[in-house]
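Written out below as structure tokens is the structure these notes cover.
The values are calculated or read from the model by the stated rules, or taken from the named source; none is laboratory data. Remember, predicted model here, so these are calculated numbers, not experimental data. All Cβ positions, glycine included, derive from the backbone under ideal geometry; neighbour counts span all protein chains shown. Just so you know, the surface numbers come from the protein's heavy atoms only, side chains and all, with ligands and any DNA or RNA stripped out. Shrake-Rupley method; radii C 1.70, N 1.55, O 1.52, S 1.80 Å.
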Amino acid sequence: MDNEGIWSRGGSNVEELPDPFAPATPLPGVGDNAYPVEQKPKRRRRWPLFLYAFAFLFFVTLIWLIVTAPLSRALEPLDDPAILLVSQEGQPIARRGAVKEAPVDVTKLNKVTPAAFVAIEDRRFYSHWGIDPRGIGRAMVANMQAGGVRQGGSTITQQLAKTSFLSSDRSMKRKAQEVIIAFWLEAWLSKDEILSRYLSSVYFGDGVYGLRAASKHYFGREPEDLSLAQSAMLAGVVQAPSRLAPTNNLKLAQARSKLVLNAMVDTGAVTRVRANAATPARPIYRSSKIPTGTYFADWVSPEARDAYEADFGEVRVQTTLDADLQRLAVRAVSQAAAKDMQVALVAMRPDGRVVAMVGGKSYSESPFNRATQARRQPGSAFKLFVYLAALRAGYTPDSIVEDRPITIDGWTPANSDGVYRGPITMREAFARSSNAATVRLSESVGRANVMRAARELGITTPLPNSPSVALGTAGVSLLELTSAYAAVASGRYPIRARGLPEKADDGRFAGMLQGGGRMDSRRDWAPMLDLLYAAANDGTGRRAALAVPTFGKTGTTQGNRDALFVGFAGNLVVGVWVGRDDDKPLGRKVSGGTVPAQIWRNFMVSALSVDGRAGPQLPAEFKVPERIQPKREQESPLPAEWSKSAEPLRQVIRAIEKLLE
């Protein structure tokens, strides 16, 4: 021990002792060439991570369901329920949206009715716990044998989860959510409650949701009174509602119902004898089919949905449409000499209630509404705002304006007839629709004031700050332009076109909410009526003149691409547009004073005979000008070339005429 140094232990050199920190495995090789072998770390098992993730997802989904997904969702009305639009007289106009009636209770149904759905959709419904592994396997085998998807493995509970809480996306995420929700439904609801919710919300085609709505729609009876054959047919529809709806393909629906009856025999719900004795069901025949869309219905539907709360069945919505005036409007458009051109017409009351609307020649061929959706140049019909701004600036209908060529920033507007009349009254300039005089007037009063007048009367589309804005080069809708003319007819502004009757409370506060005001009867209103009367009776719009006081203005755009006439008489304000969808010229013979003015007059002659000639009270400052009709001398019906031998007969005729006088 005494001979041991610091470099020895137990008589052995420390360098030759084994390394206490070396791995337990022996080192390969000998001597200095020995080297350690690198050990691979042990692989950690990852399946616990997936288990934890699934448990976390399940827990989060469960909390989300408890907080945000009420169990009664399947029993609630649709968010976008069916609405039945009716005219102001109560005549159906159009039906929009899907129908869902009140929920059903399976305990109160005929026993064969829920049994039919269980037999064909989920025959192990009363024994599984939300998902059916055996059913999934059976569906996979059947689909492999058929070479495509022929059966689904989803249970009724899963289908309820999908239709009530999830989207229709086909993804693993959605499927996982569906399974979790199915477990949740099974934990909180009884089997009868799940089946009741499923039958109350499943889609049956033809825009019908729920068993109650389907039984009424297809068979005209309550679901509690369905027969075996009717139950089998409805149960067969849910697999592919659009394809199997009996109103679309009766033979296919009846063939599918036979499969349902066979499935009911297999499950013991009915006997073979009873299944064979069931006469194939047939849906009821509906003699009159209400259209789903019209130009007016498309326009008013969003407003109608916002005005009424969701409810079961159809929500009946009364509109402002007048059925008689609508028929006259359709007739006037269909009989128009427009050939390959499109026509739009909108008629409203001076307070904005739309009573007729035609957005084109044929809704079935083109549902695009040219009265509300198209933004076309109004042409000279826009001059209303130029002359209104001038009246506000102190001009009068008798004020003199220069009808001479004018050039602004290199642009020279030309009169349509090529004639410049020099100094003329503002009345004549408006009636003749002088472009040069109008641009001079616009520049004199200021474009800002012209655009301000347009905005105050309800024009919302962008207006360029250019000299040509005075001639209507900015696109506007026919509905908006007609509403602006309604403001002149009523003497207040702006007028908002509407398709629903105004509620009492809305009418009381409408003026406060939308602003605006009344036209000054002496400065604005009466002079503007004077100008519109001159244009419609003595100017470019004289083809539209009626036997009653007629007010209006023509409009023709550059290149004759758009032609309009907007005016009012009696209690109607009507706008007519004629043009082409491809924006091609209409030809030199078509202008605002020809085809549109004739359509306007044809509609108004019939409309006033139905609607009456009474209109809103005009300002006392406006007097309808007296129109002196030349007296025609009465002429003999006998031709002048008759010989003198007929003179005695002519004397007899003159004597009779004197007696009649």
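Checking each residue in the stretch 103-136 for being more than 17 Å from D192 (Cβ to Cβ) and open to solvent by less than 60 Å² (accessible area, probe 1.4 Å) picks out I120, I131, D132, G135. Of the residues making up the stretch 243-261, those that are surrounded by fewer than 15 Cβ atoms within 10 Å (Cβ to Cβ) and either out of contact with any helix residue (DSSP H, G or I) (no Cβ under 9 Å at 6 or more places or on another chain) or farther than 17 Å from D206 by Cβ (or both) are K251, A255.
Just one of (1) within 17 Å of T113 (Cβ to Cβ); (2) assigned to a helix (DSSP H, G or I); (3) open to solvent by 10 Å² or more (accessible area, probe 1.4 Å); (4) out of contact with any strand residue (DSSP E or B) (no Cβ under 6 Å at 6 or more places or on another chain) fails for W184. It is (1).
Taken across the stretch 387-395, residues that are out of contact with any helix residue (DSSP H, G or I) (no Cβ under 7 Å at 6 or more places or on another chain) and either touching a residue at least 24 places away in the same chain (Cβ under 8 Å) or among the β-branched types (V, I, T) (or both) do not occur at all.
Quick one: would you say A448 is open to solvent by less than 30 Å² (accessible area, probe 1.4 Å), modelled with pLDDT of 95 or more and part of a helix (DSSP H, G or I)? So A448 does not fit the description; no.
The residues on offer are L211, L226, L199, and the sole one that is open to solvent by less than 20 Å² (accessible area, probe 1.4 Å), under 29 Å from the mean Cα position of the chain (by Cα) and at pLDDT 95 or above is L211. Whenever a residue of the stretch 92-119 is more than 14 Å from L226 (Cβ to Cβ) and without any contact (Cβ under 8 Å) to a residue 12 or more places away in the chain, it has no partner that is assigned to a helix (DSSP H, G or I) and open to solvent by less than 10 Å² (accessible area, probe 1.4 Å) lying with C-beta atoms less than 6 angstrom away and at least six residues away or across chains. So the check is Cβ under 8 Å with 6+ separation or different chains; which pairs have a first residue in the stretch 306-334 that's within 17 Å of A371 (Cα to Cα) and hydroxyl-bearing (S, T, Y) and a second one that's outside any loop (DSSP other than H, G, I, E, B) and modelled with pLDDT of 90 or more? Pairs that qualify, where the first residue is within 17 Å of A371 (Cα to Cα) and hydroxyl-bearing (S, T, Y) and the partner is outside any loop (DSSP other than H, G, I, E, B) and modelled with pLDDT of 90 or more, are T320/R353; T320/V354; T320/V355; T320/R498.
Return a yes/no flag: does the stretch 396-410 have any residue that is in contact with a helix residue (DSSP H, G or I) (Cβ under 7 Å, 6 or more places away or on another chain), among the hydrophobic types (A, V, I, L, M, F, W, C), in contact (Cβ under 8 Å) with a residue 60 or more places away in the chain and buried (at least 19 other Cβ atoms within 10 Å of the Cβ). No, the stretch 396-410 contains no residue that is in contact with a helix residue (DSSP H, G or I) (Cβ under 7 Å, 6 or more places away or on another chain), among the hydrophobic types (A, V, I, L, M, F, W, C), in contact (Cβ under 8 Å) with a residue 60 or more places away in the chain and buried (at least 19 other Cβ atoms within 10 Å of the Cβ).
Taking the condition over 26 Å from the mean Cα position of the chain (by Cα) and either among the basic types (K, R) or open to solvent by 50 Å² or more (accessible area, probe 1.4 Å) (or both), does T292 pass? Spelling it out, it is not the case that T292 is over 26 Å from the mean Cα position of the chain (by Cα) and either among the basic types (K, R) or open to solvent by 50 Å² or more (accessible area, probe 1.4 Å) (or both).
Meeting the requirement of 1 or more residues that are open to solvent by less than 70 Å² (accessible area, probe 1.4 Å) and modelled with pLDDT of 95 or more, the strands (runs of 3 or more DSSP E) wholly within the stretch 304-365 are 342-348, 354-358. The residue of the stretch 444-491 that is farthest from V401 (Cα to Cα), among those that are among the hydroxyl-bearing types (S, T, Y) and free of Cβ contacts under 8 Å to residues at least 60 places away in the same chain, is T460. Restricting attention to the stretch 81-102 and to residues that are in a loop (DSSP other than H, G, I, E, B) and out of contact with any helix residue (DSSP H, G or I) (no Cβ under 7 Å at 6 or more places or on another chain), the residue that is most open to solvent (accessible area, probe 1.4 Å) turns out to be Q88.
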